[in-house]
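Peer 1: Pasting a structure below so you can have a look.
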Amino acid sequence: MKQLCRSLFVLILCLSSFHNIAFANEKELKIMSYNVLTGFNNNDHYKQKFKSWIEKELPDVIGFQEMSKFTAESFKAFAKSYGHEYTVFMETGGCCPIALSSKYPITDVKKVKEQLHHGLLMAKILDYNVMVLHLNPFDWEKRAVEIQSILEIAKPLMAQEKVIMMGDFNSLSAVDSQVYSAERLEKAIKGKSKNINNGNFDYSVTGAIQQAGFIDTFWQVNKKFSLSCPTKYYATSGTNNPIRIDYIWVNGVLKEKIKNSEIIYNPFTHFVSDHYPVLLTLSK
């Protein structure tokens, strides 16, 4: 039995070394965040379309939100079908499980539900600390409490570790404020928007993230607004009312490694969900 354990330990070390060598030969790491609207609407056709699209230029890591109707087992099979061998699945209660798939082994998994509407999935991939979350969709004050809890978890890692935080934050950013006009504010107040704070658009959640030392990778690269929601198909008020609430953030350790960050618009992403995916590319 001891010999068997030693053999298994050696095998694990070898596999880990193999993946580290494989990554060392790569010039970049690609990470995607995608809210897929209740598990691709539980539509097999949509799932197949996603597979056909994503496997052509497969990201190294994908963080999913709203993986409804999936289980840990069915998600693992789904991820394997498009080329990811490693997965973690987090039941959050209700509509919106969180999931993570990767080309590389996923270790040090933490699933945090306490004080969070949906939850936080955290894991280590290579030497990156990856956080996938989905903040409260109904109330900015509850989101503010949630993000403080999440930032406390990240705090010990910020100075020296590599940290990536992604997901559907349901929160606006002050850098996009020129898009959120007085006319839109008036309509939002009348419509009792989830993003109104004392008569103004609320930017406190993303502001807290920036104060904690995180960098909005999309803005860092583009310095201009692009919508992440709603998509063309799901727009209820047309594209005259776009918002950006899906982000991939990194800490200062990774700032100089940001190679590209984009919101992906194509014939598939226009209709499969009400959110567009965000794709971050980091250099080695």
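Computed from the coordinates by the stated procedures, all read-outs in this text should not be read as laboratory data. Since this is a predicted model, take the numbers as computed values, not measurements. So basically every Cβ, Gly included, is an ideal-geometry build from the backbone, and we count neighbours across all protein chains shown.
Peer 1: Compute the FRET efficiency between A182 and L157 as 1/(1 + (r/R0)^6), taking r as their Cβ-Cβ distance and R0 = 45 Å, and round to the nearest 0.05.
Peer 2: In this case the efficiency is close to 0.65.
Peer 1: Additional query: Provide the percentage of antiparallel DSSP beta bridges, counting only those with both residues in segment 118-266; round to the nearest 5.
Peer 2: 70 percent
Peer 1: Further question: Quick one: if the Förster radius is 41 Å, what FRET efficiency do F138 and S81 give, using the C-beta to C-beta distance and rounding to 0.05?
Peer 2: 0.75
Peer 1: Projected onto the charge dipole of the chain (+1 at Lys/Arg Cβ, -1 at Asp/Glu Cβ, origin at the Cα centre), which of G93, Y247, P267 gives the Cα projection farthest towards the positive end?
Peer 2: The residue sitting most towards the positive pole is P267.
Peer 1: Quick one: of K192/K255; K162/K232; K56/K257, which pairs are farther than 32 Å apart, Cα to Cα?
Peer 2: Among K192/K255; K162/K232; K56/K257, the Cα-Cα distance tops 32 Å for K192/K255; K162/K232.
Peer 1: Between G199, G63, G83, find the one with the highest GNM mean-square fluctuation for the chain; connect C-alpha pairs within less than 10 Å.
Peer 2: Maximum among the listed residues: G199.
Peer 1: Using the Cβ atoms and a cut-off under 14 Å, what net charge is assigned to the surroundings of I150, where Lys and Arg are +1 and Asp and Glu are -1?
Peer 2: Charge balance near I150 sits at +2.
Peer 1: Given only helices, namely DSSP H runs of n ≥ 4 each adding -39500 (n - 2.57), what is the per-residue ellipticity at 222 nm of the chain, to the nearest 500 deg cm²/dmol?
Peer 2: -9500 deg cm²/dmol
Peer 1: I would also like to ask the following. Give the aspartates and glutamates reachable from K103 as a straight Cα distance under 16 Å; neighbours fewer than 8 places away on the same chain don't count.
Peer 2: Correct list for K103: E26, E28, E55, E57, D60, E85, D127.
Peer 1: Taking the 0 to 90 degree range and rounding to the nearest ten, how far is the long axis of helix 44-54 tilted relative to the main principal axis of the chain, both from C-alpha atoms?
Peer 2: Taking Cα atoms only, the helix is inclined about 70 degrees.
Peer 1: Strictly over 28 Å apart at the Cα level, which of K155/K259; K111/K223; K30/K80 would you flag in this model?
Peer 2: Beyond 28 Å: K111/K223.
Peer 1: Cut-off 10 angstrom, C-alpha nodes, Gaussian network model of the chain. Which of K113, K187, K257 fluctuates the most?
Peer 2: Highest fluctuation of the listed residues: K187.
Peer 1: Hey, another quick one. May I ask which residue of L172, F138, P277 lies farthest towards the positive end of the charge dipole of the chain, with charges of +1 (Lys, Arg) and -1 (Asp, Glu) on Cβ and the Cα centre as origin?
Peer 2: Positive-most Cα among the choices belongs to P277.
Peer 1: Could I ask something else about it? What is the calculated FRET efficiency for S68 to H45, with r their C-beta to C-beta distance and R₀ = 22 Å, to the nearest 0.05?
Peer 2: Calculated value: 0.85.
Peer 1: Can you tell me which of I31, I196, I248 moves the most in a GNM of the chain? Springs connect C-alpha atoms under 10 Å apart.
Peer 2: Evaluated over the chain, the most mobile residue of the options is I196.
Peer 1: Rounded to the nearest Å, what's the spacing between the alpha carbon centres of segment 233-284 and segment 78-140? Just the number, please.
Peer 2: Each part reduced to its Cα centre gives a spacing of 18 Å.
Peer 1: What does the charge dipole of the chain about its Cα centre add up to, to the nearest 20 debye, if the Cβ of each Lys and Arg holds +1 and the Cβ of each Asp and Glu holds -1?
Peer 2: Dipole magnitude for the chain comes out near 380 debye.
Peer 1: Then there is this: Please report the antiparallel percentage of DSSP beta bridges with both residues in segment 103-191, rounded to the nearest 5.
Peer 2: That works out to approximately 60 percent antiparallel.
Peer 1: At 7 Å along the Cα-to-beta-carbon direction for both K56 and Q211, put a label point, then send me their distance in nm to one decimal.
Peer 2: Distance between the two pseudo-spin positions: 4.4 nm.
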